[in-house]
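Trainee: First the structure, which I've put down as structure tokens, then a few questions once you've had a look.
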Amino acid sequence: MDPDWTQIDLQAVSTAGSGISQSYLIGESSVILPKRYGPMDVILDSNAYLSDIRMESIKFKNLFDYLRRTKSTLVVPRLVREETIGQYKYQLENQSKKTASVVKELNRLAVDKKSLVSFKTPDVKSAARVLRERLGQPAKGISVRYYPETHGVDVSDVFLRGVNRRRPANNDGEELRDVIIWLITLQYAETEKKPVALVTADAGFWNDANIHDHISGDIKERNVDVSLFRTVEDFVKASAPAAVSVDAGYVSKFFDVTNLMPDLSAAARKALAGHGLVWGQQHNVRTVRPSTAQFSAGASYEINPETKLLELVYELTFIANISVTEWRFHQPQIWGTGVLESYPAGGRFLGFAKPEVPFQGFANPVNPQSPNTIFANPNWNWSPLAQFIKPEAPQEERTTLKDYLVYAKAQISVRLVNETLADAELDGLEISKAEEMAEAEPTAEEFDVEVEEAAEAAQVEPEQAIESAPSGDSPDEANDSPKAK
């Protein structure tokens, strides 16, 4: 491996309290990051700007520190600037319409006019003008160069890369916008005779964790000094001295993870909403409560003599109260067999016969040569022998409350300035598993709601509903039980 490059194994974590470590836990696979210490002009793809339109996050602050320290330049090609502004205007208009609709519906339900919510549609043209100015000067002391030149980019080159499926064009010959940005980057590096960093996560530039061979081939052919990075964070870490592992004792001097618990709980709730807790059953996340948080690993990067970036990993557990809708189905029965002719509108029976081979499943055609193979495309023109079943209607539908112990891993960025906490952000949270706990006991508030619903259903007063409830159903009795303790 080239000595100017360092392989970062994202699965290995050094737990030593001091010393230099090249390993840190931040993702699922290894990546190769170039270790640079000199100045590099930086070009960001539009998605990097759109991820933090105000450019105030930790990653941008660290990038700006690097640019100041090395006296490097942030290069903004015309195509990147116009695409960023165009996408921003579209997103702002779209979100404004959604917000206005939600506010209108909310105000429709307001009984007291004093509680009406006001929403002023933003001036998109004015906001776009402010963004254009911000792209020209995102922070104090930053050298920014607007780069409108495209005279070195030949339209025929763009066309041929699409025709020949040469990256960053995709396999369909599309993504020509990425092709243009790439040719502009090569042109800038060739003309200015400077090292250049291009930050882009677009798939056309990459082959899994590595730069695609077409891209590295262009760099060698043009004999230019161009490095690629998926994210701003990757560039910042690669341009800093090697990471130093940090332990829980060091981190505790500056950062308390409980201060981020609202963000962590919200992220866990969002992740659980799409998590397959119970296969085939609907569920709704009611509450998520933090339970434990333990430091797992950390790495420190020196951005400049005053500033450090800490990348931290925490192992977390949450207790999630979830309502689950359960069904019970009768065993499906074979309805019949027949020859199936497939049309765009579906199939039809041409005859029936007693099935020779039992088939369990839904009404799908089955290949007689391979009984376990299901053909799902309704447009195929073939007529194999098909078996059909008649599914029974769902039985005994019910909704129950369940508590789950949720295990998660959180990645957090911390920015220190002069050994003092300046910023802390949640970068991501991933759920590793969720285990069902004992049946959930209702809280006092939940019990009150259940009593009111029962009273309404029985058309009695809430007090009568409590008197008729089985012993042990009240939250007071539940809190005295060993399970609650």
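Trainee: Output the residue which, of all residues in the stretch 146-164 that are within 20 Å of residue 222 (Cβ to Cβ) and modelled with pLDDT of 80 or more, is farthest from the chain's Cα centre (by Cα).
Mentor: Keep residues of the stretch 146-164 that are within 20 Å of residue 222 (Cβ to Cβ), which gives 147, 149-162, 164.
Narrowing the set further to residues that are modelled with pLDDT of 80 or more leaves 147, 149, 161.
Values: 147: 32, 149: 35, 161: 31 Å.
If we take residues in the stretch 146-164 being within 20 Å of residue 222 (Cβ to Cβ) and modelled with pLDDT of 80 or more, then 149 is farthest from the chain's Cα centre (by Cα).
Trainee: A follow-up question, please. Is it the case that the stretch 96-104 has a residue that's modelled with pLDDT of 95 or more, of a type in the set (Ser, Thr, Tyr) and touching a helix residue (DSSP H, G or I) at 6+ places or on another chain (Cβ under 6 Å)?
Mentor: no
Trainee: Only one of these is closer than 21 Å to residue 75 by Cα, outside any helix (DSSP H, G or I), touching a strand residue (DSSP E or B) at 6+ places or on another chain (Cβ under 8 Å) and among the hydrophobic types (A, V, I, L, M, F, W, C): 189, 197, 201, 242. Name it.
Mentor: On the way: 189 fails: outside any helix (DSSP H, G or I); 201 fails: touching a strand residue (DSSP E or B) at 6+ places or on another chain (Cβ under 8 Å); 242 fails: closer than 21 Å to residue 75 by Cα.
One residue alone meets the criteria, 197.
Trainee: Here are some residues: 172, 202. Which one is without any contact (Cβ under 8 Å) to a residue 60 or more places away in the chain and charged (D, E, K, R)? Give the steps one after another, and end with the answer.
Mentor: Details: 202 fails: without any contact (Cβ under 8 Å) to a residue 60 or more places away in the chain.
Only one candidate passes the filter, namely 172.
Trainee: Condition first: touching a residue at least 40 places away in the same chain (Cβ under 8 Å) and in contact with a helix residue (DSSP H, G or I) (Cβ under 8 Å, 6 or more places away or on another chain). Can you find one or more residues in the stretch 243-251 that meet it?
Mentor: yes
Trainee: While we're here: Taking the stretch 21-64 as the search range and keeping residues that are among the polar types (S, T, N, Q), out of contact with any strand residue (DSSP E or B) (no Cβ under 7 Å at 6 or more places or on another chain) and modelled with pLDDT of 50 or more, which one is nearest to residue 410 (Cα to Cα)?
Mentor: Residue satisfying both the conditions and the ranking: 51.
Trainee: Return the residue satisfying two criteria in turn: it lies in the stretch 194-226 and is under 18 Å from residue 64 (Cα atoms) and either among the aliphatic types (A, V, I, L, M) or under 28 Å from the mean Cα position of the chain (by Cα) (or both), and of such residues it is surrounded by the most Cβ atoms within 10 Å (Cβ to Cβ).
Mentor: Going through the stretch 194-226, the residues under 18 Å from residue 64 (Cα atoms) turn out to be 195-200.
Those still in the list that are either among the aliphatic types (A, V, I, L, M) or under 28 Å from the mean Cα position of the chain (by Cα) (or both) too: 196-200.
Values: 196: 22, 197: 26, 198: 24, 199: 21, 200: 24.
Per the stated criteria, the residue is 197.
Trainee: Mind listing whichever residues of the stretch 97-143 are in contact (Cβ under 8 Å) with a residue 40 or more places away in the chain and not in a helix (DSSP H, G or I)? Before you say what the answer is, go through the steps one by one.
Mentor: Here is the first cut: in the stretch 97-143, the residues in contact (Cβ under 8 Å) with a residue 40 or more places away in the chain are 128, 131-132, 134-136, 138-139, 141-143.
Answer for the stretch 97-143, where residues must be in contact (Cβ under 8 Å) with a residue 40 or more places away in the chain and not in a helix (DSSP H, G or I): 138, 139, 141, 142, 143.
Trainee: Given the conditions (1) without any contact (Cβ under 8 Å) to a residue 12 or more places away in the chain; (2) out of contact with any Phe, Trp or Tyr (no Cβ under 9 Å at 6 or more places or on another chain); (3) within 30 Å of residue 194 (Cα to Cα); (4) assigned to a loop (DSSP other than H, G, I, E, B), which single one is not true for residue 153?
Mentor: (1)
Trainee: Any residue that is small (Gly, Ala, Ser) and either touching a Gly at 6+ places or on another chain (Cβ under 8 Å) or at pLDDT 90 or above (or both) - is there at least one of those in the stretch 274-281?
Mentor: Our first condition is that a residue be small (Gly, Ala, Ser); within the stretch 274-281, this holds for 274, 276, 280.
From what is left, the residues that are either touching a Gly at 6+ places or on another chain (Cβ under 8 Å) or at pLDDT 90 or above (or both) are none.
No.
Trainee: Same structure, new question: (1) in a helix (DSSP H, G or I); (2) under 20 Å from residue 231 (Cβ atoms); (3) under 29 Å from the mean Cα position of the chain (by Cα): which one isn't true of residue 53, the others all being true?
Mentor: So the condition that residue 53 fails would be (1).
Trainee: Oh, and also: Determine, yes or no, whether residue 39 is surrounded by fewer than 18 Cβ atoms within 10 Å (Cβ to Cβ) and touching a Leu at 6+ places or on another chain (Cβ under 7 Å). If you could, list the steps in order and put the result at the bottom.
Mentor: Working: surrounded by fewer than 18 Cβ atoms within 10 Å (Cβ to Cβ): yes; touching a Leu at 6+ places or on another chain (Cβ under 7 Å): no.
Answer is no for this residue.
Trainee: Is it the case, given these coordinates, that residue 295 is surrounded by 16 or more Cβ atoms within 10 Å (Cβ to Cβ), modelled with pLDDT of 90 or more, farther than 30 Å from residue 42 by Cα and not basic (Lys, Arg)?
Mentor: Criteria met by residue 295.
Trainee: Which one of these is more than 19 Å from residue 40 (Cβ to Cβ) and either of a type in the set (Phe, Trp, Tyr) or outside the structural domain of residue 63 (by TED's automatic domain parsing) (or both): 235, 159? Full working, then the answer.
Mentor: Details: 235 fails: more than 19 Å from residue 40 (Cβ to Cβ).
Criteria check complete, one pass: 159.
Trainee: Okay, next question. Report, by residue number, each residue of the stretch 89-118 that is under 30 Å from residue 132 (Cβ atoms) and either touching a Lys or Arg at 6+ places or on another chain (Cβ under 7 Å) or polar (S, T, N, Q) (or both). Don't jump to the end; show me each part of the working.
Mentor: Narrowing the stretch 89-118 to residues under 30 Å from residue 132 (Cβ atoms): 89-103, 118.
Those that are under 30 Å from residue 132 (Cβ atoms) and either touching a Lys or Arg at 6+ places or on another chain (Cβ under 7 Å) or polar (S, T, N, Q) (or both): 91, 94, 95, 96, 99, 101, 118.
Trainee: Going through the stretch 120-144 one residue at a time, which ones are surrounded by 14 or more Cβ atoms within 10 Å (Cβ to Cβ) and either out of contact with any strand residue (DSSP E or B) (no Cβ under 8 Å at 6 or more places or on another chain) or among the polar types (S, T, N, Q) (or both)?
Mentor: Of everything in the stretch 120-144, those that are surrounded by 14 or more Cβ atoms within 10 Å (Cβ to Cβ) and either out of contact with any strand residue (DSSP E or B) (no Cβ under 8 Å at 6 or more places or on another chain) or among the polar types (S, T, N, Q) (or both) turn out to be 124, 127, 128, 131, 132, 134, 139.
The values are calculated or read from the model by the stated rules, or taken from the named source; none is laboratory data. Because the structure is predicted, anything quoted here is derived from the model rather than measured. Neighbour counts run over all protein chains shown; Cβ positions are idealised from the backbone, glycine included.
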